Structure formats: C-alpha cells, structure tokens
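Encoded as structure tokens, the structure appears first; notes follow it.
The values are calculated or read from the model by the stated rules, or taken from the named source; none is laboratory data. Quick caveat: nothing in here was measured; it's all calculated off a predicted structure. Ideal geometry is used to build each Cβ from the backbone, glycine not excepted, and the neighbour counts take in all protein chains shown. The area values use the complete protein model at the heavy-atom level, side chains included, leaving out ligands, DNA and RNA. Shrake-Rupley method; radii C 1.70, N 1.55, O 1.52, S 1.80 Å.
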Amino acid sequence: MLEKQTRLMLVLAALLLAVVGVLVLVEPPEATPEAGAPVWTRAFPGVDATKLVQLELSGPAGLLSLARADGVWRLQAPLQAEADPEAVQDALDALVHSELGEPFSGRTAADYGLETPRITVQATLDSGEVLRLDLGDDSPAGGGTYVRDSAGALRLSRSPLAVALPLDADAWRNRELLRFARSAVTRLSLDRPTGRVELVKAEGGWWLGTGARRVRADADRVEQLLEALANLRVERFADAPLALDAPWTFALQSGDDPPMQLILGSSTDSLRPALGPLQDQPVEVRADALLDAVGAEGAFADRSLLPFDGATAHQLDLRMGAAEFHAQRSGSGWTPAGAEAVIGALQDVAADRQRSDLPGPEGEPWGRIALAGNDGKVAAVLIYQELPGGRLAVEEAGGAPFFLSSTALGQLAVALPVAD
C-alpha cells in the first residue's frame, strides 16, 4: 500500500513540474485593451533620435532652431550658443517616442488651440526627411497635449509635448562654465583681493605655493575645489550686462594645454556674476559649494603629517632621536605587533604648515618619518631642531619648513612599542 502511494505521489509531482514548465515556457498572449480604453500609437515609428540633425520650433512666441554638427548641438536662433546636450537629448527622445491617440472627429482645430498652433515642431533627419507636429492646448486631464500630425489629423499626445519642447531659448542653453577632466589638472590658482593661492600637482601630490616656499597641500580640499568648479552651473542668464566687481579669478591648467579661466564677481545676494570659457558673457551662478571649497585663508595647507593611502601604504620607517621603528604591510596586515597603533597615531598627528616665521633647518635631522607605497613612491618628513613648543620639520622633497608641536611628537612617541 505504501509503495503504491509513493508511486502516485511521484506521478503527481512529475505532472506538476510539467505544468509549471509549460506555464514558464509558453509566452502568454498579449493583453487586449479594455473596451473604451484609448489606443496609443507612435507618432514616428522606427525613428532613431540619434539620426536627427536639426530641430526648429516656431510659434507666436518666436522662433528657436538648433543644429547638430560634429556631434555637438548648438542654438542657431534666437541666439547662437552651445546647447545643453542632456536637454536636447531628452527633448528629442520625447519627440521621437511620443505616442498619439486616435484622431478626433467632428471637432475643429480651434477647439484644441491648433488653429494657430502654440508651437510648430520640425525635426530633420540626416536623410533629409522632416518630422512635423503642431502643438496646441494641453489637455485638461491626463497630462497630454493636443496635436495636429503630419497628415493633418487632430489627436492627443500621451505626454505633455509642449513642456518637453519649450520655445524658451534659456531652457536649451548649455549651463556649464568650465569643462575639464579633474584627474588631468596639474595647476590651479586663485587670485582674489586678499591674495593669491597657487596649487601645483607634482611628485605624487598637491603642493601649495612654488619653489622653496611650497608646502604640502590638502589633497582632499583640492579635489573638493575641482569638483565645485566642474559642477558650477548657470543659475540665470542675464538680460543686461553684469559687472564683475572685486573678482576672484580661478585658472586651471592641464599639462601643456593653455590655462582656462573662471572669473567670479561679488554680490550681496545668493547669486554671483561669473564668466567662464563656455559662456560668451557674464551669467549668474550659485557659488556656495565653490566658496565652501575655497575656505578661509590657509585652508589648503595640509594638516596631516604625511599623505596616507590605506590601499597603497606598504612600509613605514620612523626615527625620533634614539628611537627607531620599522613596519611592513602584508596580506594579513601590518607587522610587527603594535604597528597598527603607530600608523593610527601617524594619521592623527597634526602639522602646522601655515606659519611663516620659522627659521631654516639646523644641523643633522633629529628624526625622519617615511611612508612608502606599493608603487615605490616615498613621502618623507625630516625633523630638526627644537623650537618653543615643538620642533622644526621639512618635507624631504623640499619646500618651506613647518612646525610639529610637542603634543604631536608625544602622540607618536607614546604609540611606539616599548623595546624589550
């Protein structure tokens, strides 16, 4: 009896698996629209937005035209300017993928604001074919726009095409002021009424100042500044000329390329006038992020003793007076025992690179701290004579001396393992 029940259960399980397989593999029939539901069809079936080379919008509010050349869209009227590639792409996608309902019957163009269209759209393909739509009123419900298609039929679009295709030139304009690759920038300067900041990328890091007076710069703050410059956008295009009073001038250079400049004017409200190479006249920007990145005087001087990258740091060599410590990192971590505590203290130590009243180094170095990366690059600091409250220190790569407080040196000394 039990054997028969087992066979029956196996047969039923096999039947169940077969049914599931059929349900998974057999494609379900397409759903049929409910009675009375609108039927939407593509206005321009098979058209690829990347094949469009010209777009013209016209109406009682004016004329706007754009053209693509060498892969770049530019406004041709009512002004000449580079267009925002994302805004153009969104508009072209909205146009070629627009869906229209069935033609209306028994109504006139005037009933839908199409006797004199708000906007007439003409888009030209690289083949020379022209796509055309007239846009009238927006529908009172459903979020669509009444249109007249290329055959003259009155229809309703499924999406608000008049919103996607505005006649306002500012909606199409490129809002960038600068365009650059952040990783390629090798020099960055800021001239402002209170003085000059000059940052140079060399020897594996960023430096503040040049020559014998340079000090290591805070790489994170430099990257924050580059990001703020790259993300600066036009908030408002001015109708009248703007004055760039008490300007700040940023200059960026990548390798041997000519420098590019951004000029930022002063203002008493939340917007500031600005002029960059991608705008042909001053515009208004919201510069909060840029001002935060610049910070106060001396903000770019690095306060860490040495640049530390946890992903690449490979070896530590430390000498302070008679005390020496050497550590290496392997796949299992830092060795010998106690190395992690020394590394942690090294990351916490603060250096004062803003002081300009320090003497030059005297005699032989009292200490040396060096970090090597697995790429073979070494960052090292030499520590010299005692000063009130601490000691003088100098980057081994050169530059101006800086100050290490007794507190900072004490942090490192306490972290060193006690010799047996």
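Some observations on this one:
- Whole-Å distance, taken between Cα centres, linking the stretch 314-373 and the stretch 207-252: 33
- Rolling a 1.4 angstrom probe over the stretch 234-323 with all protein chains present gives an accessible area of which 50% lies on carbon and sulfur atoms.
- As a calculated quantity, the FRET efficiency between ASP348 and VAL378 at R0 = 25 Å, using C-beta atoms, amounts to about 0.75.
- The stretch between ASP317 and ASP93 holds 74.7 nm of extra length on full extension. This uses 0.36 nm per residue minus the Cα-Cα distance.
- With kT/(6 pi eta Rh) evaluated at 4 °C and eta = 1.567 mPa s, and Rh the Kirkwood radius from Cα pairs, the stretch 99-174 diffuses with a coefficient of 99 µm²/s according to Stokes-Einstein.
- The chain - charge dipole about Cα centre, Lys and Arg +1 at Cβ, Asp and Glu -1, debye rounded to 20: 380
- Cα-Cα separations in the stretch 36-195 greater than 26 Å, expressed as whole percent: 36
- Nearest 10 degrees, 0 to 90: helix 339-348 Cα axis against the chain principal axis: 80
- Note on SER270 and ALA202: the model spin-label points, each 7 Å out from Cα along the C-beta direction, lie 4.3 nm apart.
- Convex hull volume of the Cα atoms of the stretch 326-381, normalised per residue: 122 Å³.
- Contour minus Cα-Cα distance for ARG236 and THR335 (0.36 nm per residue): 29.9 nm
- Rounded to the nearest 500, the helix-only mean residue ellipticity at 222 nm of the chain stands at -6000 deg cm²/dmol, with each DSSP H run of n ≥ 4 adding -39,500 (n - 2.57).
- Whole-Hz ³J(HN,Hα) from phi, Karplus 6.51 cos²θ - 1.76 cosθ + 1.60, for the stretch 391-397, glycine and proline x: 9, 7, 9, 9, 5, 4, 6
- Equivalent ellipsoid of the stretch 39-81: semi-axes from √(5λ) of the C-alpha gyration tensor, largest first, are 24, 17, 5 Å.
- For LEU318, net neighbour charge (Lys/Arg +1, Asp/Glu -1) across residues whose Cβ lies under 10 Å away: 0
- Alpha-carbon Rg/Rh ratio, for the stretch 212-314, with Rh computed the Kirkwood way: 1.05
- Estimated Rh, the stretch 271-420: Kirkwood, alpha-carbon pairs, angstrom: 17.7
- Charge dipole of the stretch 162-240 (Cα centre as origin; +1 on each Lys and Arg Cβ, -1 on each Asp and Glu Cβ, all else neutral): 360 debye, rounded to the nearest 20.
- 10 Å beta-carbon shell around TYR384, net charge (K/R +1, D/E -1): -2
- Both the radius of gyration and Dmax for the chain are 33.9, 103 Å, in that order, over alpha-carbon atoms.
- Extension gain, ASP257 back to GLU129 (0.36 nm per residue minus Cα-Cα distance, nm): 41.9 nm
- Along the axis of the charge dipole computed for the chain (Cβ charges of +1 for Lys and Arg, -1 for Asp and Glu, origin at the Cα centre), the listed residues THR108, LEU264, ALA151 are led at the positive end by LEU264.
- PHE180 versus GLN385: modelled label distance in nm, points set 7 Å from Cα along the beta carbon direction: 4.1
- Proportion of all alpha-carbon pairs of the stretch 136-216 beyond 17 Å (%): 70
- From phi via Karplus (6.51, -1.76, 1.60), per-residue ³J(HN,Hα) for the stretch 258-265 in Hz, x at Gly/Pro: x, x, 10, 10, 10, 10, 10, x
- Label-zone membership for the stretch 129-154, site PHE104, 7 angstrom Cα→C-beta point, backbone N under 20 Å: 132-154
- Coordinate range along principal axes, alpha carbons of the stretch 279-348, Å, largest first: 61, 31, 18
- Where labels lie 7 Å past Cα in the beta-carbon direction, separation of SER58 and ALA397 in nm: 6.1
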